[in-house]
Amino acid sequence: MPATILEGALFIADNVALDFLNTEYGEGTHHCECFVDDKSVVEWLKVAGLMPQAPTEAPEGLLALALELRLAGRTLVAAAKAGRRSAAGAVINRVLALGNPVRELQWDGESKTFKVVKRRGSTNAASLLEPVVDAIMNLLTAGQLELVRQCEGENCTLLFHDLTKSHRRRWCSMATCGNRMKVAAFRSRKKAE
C-alpha cells in the first residue's frame, strides 16, 4: 500500500491498529490530523481495507467516536508496554457492545470448506469502527508489544510495528525520518572534522 493515500494519512506502521493511531501525528506547525469529519473517517476505513462497502452516509458521531477510540488505543498501547492497567479499555468494550457484528457460518463453494463470515449488524458509528477495535485488541493480546516502537526521528510521533528480521528498525519511514536523521548525522560528522 502506498505511504500516502488519504490527505496526510500514512500507512507505514505494518499494523492497521498502529496506522489508525497514527492518523494524528507531528507537532506544532507540522501537525497533521487526518480525521476532520465523519467522511474522512469513512475514507480512511475504506483505504485501510476495513470497509468493503461504504455506507451511503457516514453515521452521525463517527468522528467523535473515532477520536475517542484513537486516544484510548494510544493509552492502552502505552499502558500495556509499561505493564500497567488502564481504564481506556472501557472505550474498546463500548464499541464492541454497540458495534456487535453478526457472525455466520457459510459454505465457500470455491474452496469447498466452511468459513465464518462477519458482517455488520448495522451502520452505526460503533459498527463501522469495530474492525479497528479488533485490530487494537489483536495488537494488545497477540501483537508482540515489545516490537511496537516510536520513531526515533526528531519530533516524530509515529508508531510502527518492527517486523524486520533483526528487529532493529528505528524510523517510521526510511524515506522521511531515516533519511533526514542520516543526513543530519553526516553533516554533524563533517562539521566536526
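No lab work stands behind these numbers, since they all come straight from the coordinates. What you see is a predicted model, and the numbers here were worked out from it, not measured in a lab. Heads up, the Cβs are rebuilt from the backbone with ideal geometry, glycines too, and the neighbour counts pull from every protein chain shown.
The table that follows gives values for the structure above.
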| item | result |
| --- | --- |
| Options Gly61, Gly143, Gly26, ranked by Cα towards positive dipole end of the chain, top entry (Cβ charges) | Gly143 |
| From phi via Karplus (6.51, -1.76, 1.60), per-residue ³J(HN,Hα) for the range 89-106 in Hz, x at Gly/Pro | x, 4, 5, 4, 5, 5, 5, 4, 5, 7, x, 3, x, 9, 10, 9, 8, 10 |
| For peptides 59-66, 83-90, sequence by mean Cβ density within 10 Å, most packed first | 59-66, 83-90 |
| Enclosed volume per residue, in Å³, of the convex hull spanned by Cα atoms of the chain | 164 Å³ |
| Cβ-defined net charge surrounding Leu50, 12 Å radius [Lys, Arg +1; Asp, Glu -1] | -1 |
| Cα gyration tensor category, rounded, prolate or oblate, for the range 23-99 with a/c compared to 1.5 | oblate |
| Per-residue HN-Hα couplings for the range 134-144 [Karplus 6.51, -1.76, 1.60; θ = phi - 60°; Hz; x = Gly/Pro] | 4, 5, 5, 4, 5, 4, 6, 9, 9, x, 6 |
| 5 angstrom amide H check on Gly153, placed H, neighbours 5+ away | Cys172 |
| No Cys partner within the rule (Cβ under 4.7 Å), the chain | Cys32, Cys34, Cys177 |
| Of the GluC sites (Glu not before Pro) in the range 73-174, those whose Cβ has at most 12 other Cβ within 10 Å and which sit in DSSP loop | Glu110, Glu154 |
| Local net charge near Arg103, Cβ-Cβ under 14 Å (Lys/Arg +1, Asp/Glu -1) | +1 |
| Derived scalar couplings ³J(HN,Hα) [the range 162-168; Karplus, 6.51 cos²θ - 1.76 cosθ + 1.60; whole Hz; x for Gly, Pro] | 6, 9, 5, 4, 8, 6, 10 |
| Where only alpha carbons of the range 60-129 are counted, the Rg and the Dmax (Å) | 16.1, 46 |
| Lysine pair count for the chain [Cα-Cα under 24 Å; pairs on different chains or 8 or more apart] | 7 |
